[in-house]
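Have a look at the structure below, then the notes.
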Amino acid sequence: MYTPDLAPLAGSMGLSAAVACLPLLTVFVTLGLLGWKAHFAGLAGLVVALAVAVLAYDMPVNLAGLSATQGFAFGLFPIVWIVICAIWLYELTVTSGRFDDLRRIIDAISDDPRIQAIIIAFGFGGLLEALAGFGAPVAITGVMLLAIGFAPMRAAVVVLLANTAPVAFGAIGIPILTAGNLTGIDYHEIGAYVGHQTPFIALFVPLFIAFLTDGRRGVAQTWPVALAVGVVFAVAQWVSATWISVELTDIIASLAGIAAAVVVLRFWKPTGSDAARERILLARDADLDSGSSGTAPITPAPVATRTIEAAPLTKQRVWLALFPYLLVIAVFSVAKLWSPVTGFLASTDIAVPWPGLDGNILTAAGSPATTTIYKFTWLSTPGTLLLICGVIVAAVYRVSAPDAARLFGSTLVKLRFSALTVGAVLALAYVMNQSGQTITIGTWIAGTGAFFAYLSPILGWLGTAVTGSDTSANALFATLQQTAAINAGIDPTLLVAANTSGGVVGKMISPQNLAIAATAVGLVGRESEIFRKVIGWSLGLLLAICLLVGLQSSVLAWMLP
């Protein structure tokens, strides 16, 4: 039996927390400063996490190793499985030739690539996050931005930044539901508080996307649409989270944001669209000519791509082009929202007590740890649902079974290093969690008293940066936030919500998400460059969330539900 000691080094919480941070520092330094490839950075962090667990926390070597194997398995399934199936679904649309029609439909809404980036990365990406999550939005929208002409690096940075505000309510509100289950606080109340925090991020993200795609000129020439999308998304997220449905919040907000863009574009057109497209294409060509784009982006190379005649877009062609995405929305809506189906899918999950680990790990409080049980969600996982969608799309698009299988195989090959990265990072996370390193860090930060309100989002940011999941960050820190709030005389619901809100801006720097974005756009091996481009955005948005939550605990308490 192993029970974590939260202050194993001379009884000092500060010294113990400093040592517990070493695995995270290893990942960030090797990735951000030394420019290592993501899988090497993840493996280095894992080695340090194992060393700290064994040498500083006195965790038995065999239990530390088994924790790593459980985390690695979770990284491969369901996380990598979801990404594989998401990208395969996209490849089917390209191979069939129907993706060209989808581009023409997007052009019909607006031929301005900056506005297209807002609609795809923020609007459609938010919808995918609402339904699937777990990296699927980054993978799919990343390759879509490539298809409309963006350079790989710019596409990766845009989709990672766009995948922020929707994360809190992603996968039908799972992060907030998890926090509610662990703390006993009504998840509707937590969701309402989050709905009074993340909209302030969502409000500005479309403007940030306009800046990333074309600098200050992009903001100056597209701000009416960018502002309309941000405001409508933020208001819809606020209203839905507070009064309608936590589970449906991102679906409502994303659809409302896309609709806002369509309405504004009926009465107003941006200037400089042609020049912007030329600049974006020139930047892409320069990047490709320099040979700096790393590996080839995800493309269906082993299979001949059909060419569909560029005839006028009939209703049938529009329907077929939109069919995969409408199918995904339909399948996930039924799977997540219709109780009989949800219950059936959940009943197929297989709980696997991790051999040699389950029953031998206790929490710091002395109760048996439940994290040692691995859930094999072979049917209910979004990855399998995307696989089912892919099979249906292949049949409708008349892609032969051998061709579809070859596409799937090529996706597996291209994701091999991303799979190693995700597996290593999740292994690191499990070792840190089960040895007690993560809770040591959280407990130390929580010891700052009333000022903790300003720091509480940092825990969610750290948890999501390490695990790549806001749900996992809540699983780690929600109860700790609740306890710290009660001890400091702060509203517990506020800090539990702050953990969720802080997590949304940590996802863009997660090695897991960096690996997914890099693979999708063909930048495998250049994750460190992507990291350096997004870390400033992540820290800036984290500072804004910290300031907002701190003020909501005092002078802005009136704005809470």
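The values are calculated or read from the model by the stated rules, or taken from the named source; none is laboratory data. On a predicted model such as this, the values are computed, not experimentally measured, just so you know. So basically every Cβ, Gly included, is an ideal-geometry build from the backbone, and we count neighbours across all protein chains shown. Side chains are part of the model used for accessible areas, which takes the heavy atoms of the whole protein and leaves out ligands, DNA and RNA. Shrake-Rupley method; radii C 1.70, N 1.55, O 1.52, S 1.80 Å.
Using the Karplus curve 6.51 cos²θ - 1.76 cosθ + 1.60 with θ = phi - 60°, what ³J(HN,Hα) values do you get for each residue of the range 205-219, in whole Hz, with x for Gly and Pro?
4, x, 5, 4, 5, 4, 5, 5, 7, 8, x, 4, 4, x, 5
So, in nm, how far is label VAL231 from label ALA544 when the simple model puts each one 7 Å beyond its Cα toward the Cβ?
The answer from the label model is 1.6 nm.
Using alpha carbons only, how many angstrom separate the centre of the range 206-224 from the centre of the range 384-403?
The range 206-224 and the range 384-403 have Cα centres spaced 37 Å from each other.
Once amide H atoms are placed 1.01 Å from N in the peptide plane, what residues at a sequence separation of 5 or more from TYR374, or on another chain, have their amide H within under 5 Å of its amide H?
VAL352, TRP354
Convert each backbone phi in the range 49-58 into a coupling constant with the Karplus relation 6.51 cos²θ - 1.76 cosθ + 1.60 (shift: θ = phi - 60°), then list the ³J(HN,Hα) values in order as whole Hz, x for Gly and Pro.
4, 5, 5, 5, 4, 7, 7, 9, 9, 6
Report, to the nearest whole %, how much of the accessible area of the range 408-561 belongs to carbon and sulfur atoms, 1.4 Å probe, protein only.
Working: 2980 of 4180 Å².
Here it works out to 71 percent.
Long-range amide H contacts for ILE361: which residues qualify at under 5 Å (H placed 1.01 Å from N, peptide plane, sequence gap of 5 or more or a different chain)?
It is TYR2, ALA369, by chain and number.
Which order do GLU529, GLU247, GLU91, GLU278 take when ranked by solvent-accessible area (1.4 Å probe, heavy atoms of all protein chains), largest first? Intermediate values should be presented prior to the final figure.
Numbers: GLU529 60, GLU247 40, GLU91 0, GLU278 110 Å².
Reading off the accessible areas and sorting them downward yields GLU278, GLU529, GLU247, GLU91.
Can you give the FRET efficiency for ARG416 and GLN316, using 1/(1 + (r/R0)^6), R0 = 41 Å, r = Cβ-Cβ distance, to the nearest 0.05? Don't skip to the end; give the middle numbers.
Numbers: r = 39 Å, r/R0 = 0.94.
Step by step, r from the Cβ atoms, then E = 0.60.
First measure r as the distance between the Cβ atoms of LYS269 and ALA330, then evaluate 1/(1 + (r/R0)^6) with R0 = 35 Å and state the FRET efficiency to the nearest 0.05. Show your work: numbers first, answer last.
Details: r = 33 Å, r/R0 = 0.94.
Computed FRET efficiency for LYS269 and ALA330 comes out at 0.60.
Determine one quarter of the surface area of the Cα convex hull of the range 129-207, which equals its mean projected area, and express it in nm² to one decimal.
Working: hull surface 22.4 nm².
Mean projected area for the range 129-207: 5.6 nm², to one decimal.
Given a Förster radius of 60 Å and the C-beta distance between ALA220 and VAL352 as r, what FRET efficiency does 1/(1 + (r/R0)^6) yield to the nearest 0.05? Mind showing how you got there, number by number?
Numbers: r = 55 Å, r/R0 = 0.92.
E(calc), rounded to 0.05, equals 0.60.
How far, in degrees from 0 to 90, does helix 527-552 lean away from the longest principal axis of the Cα atoms of the chain, to the nearest 10?
60
Test of understanding: express the Cα radius of gyration of the range 388-432 as a ratio to 2.2 N^0.38 Å, with N the residue count. Mind dumping the intermediate values first?
Values: Rg = 15.5 Å, N = 45, 2.2 N^0.38 = 9.3 Å.
After normalising by residue count via 2.2 N^0.38 Å, the value is 1.66.
Using the Karplus equation 6.51 cos²θ - 1.76 cosθ + 1.60 (θ = phi - 60°), what ³J(HN,Hα) coupling, rounded to whole Hz, does each residue of the range 146-156 give in order, writing x for Gly and Pro?
Those phi angles translate into 4, 5, 9, x, 7, 5, x, 5, 5, 4, 5 Hz.
Given a 1.4 Å probe, how much area per residue of the chain is accessible, in Å²?
36
So how much slack lies between ILE105 and ALA7, counting 0.36 nm per residue of separation and subtracting their Cα-Cα distance, in nm? Provide the component values of the computation, followed by the final result.
Values: separation 98, 0.36 × 98 = 35.28 nm, distance 5.83 nm.
Extra length available between ILE105 and ALA7 comes to 29.4 nm.
In whole Å, what is the distance between the alpha-carbon centres of the range 1-66 and the range 236-263?
Each part reduced to its Cα centre gives a spacing of 40 Å.
If Lys and Arg each add +1 and Asp and Glu each add -1, what is the summed charge of the other residues whose beta carbon sits under 15 Å from the beta carbon of ALA117?
Numbers: positive: ARG103, ARG114, ARG154, ARG217, ARG277, ARG279, ARG284; negative: ASP107, ASP111, ASP112, ASP214.
That works out to +3.
Once label points are set 7 Å from the Cα along Cα→Cβ at both ALA365 and SER339, what is their separation, rounded to one decimal in nm?
2.9
In the structure displayed, which of LYS315/LYS414; LYS336/LYS533; LYS315/LYS507; LYS375/LYS414; LYS269/LYS414; LYS414/LYS533 lie more than 32 Å apart, Cα to Cα?
On the way: LYS315/LYS414 35 Å; LYS336/LYS533 35 Å; LYS315/LYS507 38 Å; LYS375/LYS414 26 Å; LYS269/LYS414 40 Å; LYS414/LYS533 23 Å.
Over 32 Å apart, Cα to Cα: LYS315/LYS414; LYS336/LYS533; LYS315/LYS507; LYS269/LYS414.
Rank these residues by their accessible area, most exposed first, probe 1.4 Å: ILE174, ILE280. Please report the intermediate quantities before stating the final value.
Details: ILE174 60, ILE280 5 Å².
So, going from the largest accessible area down, we get ILE174, ILE280.
How long are the semi-axes of the ellipsoid equivalent to the chain, from square roots of 5 times the Cα gyration tensor eigenvalues, in whole Å, largest first?
On the way: eigenvalues 271, 141, 100 Å².
After diagonalising the Cα gyration tensor, the semi-axes are 37, 27, 22 Å.
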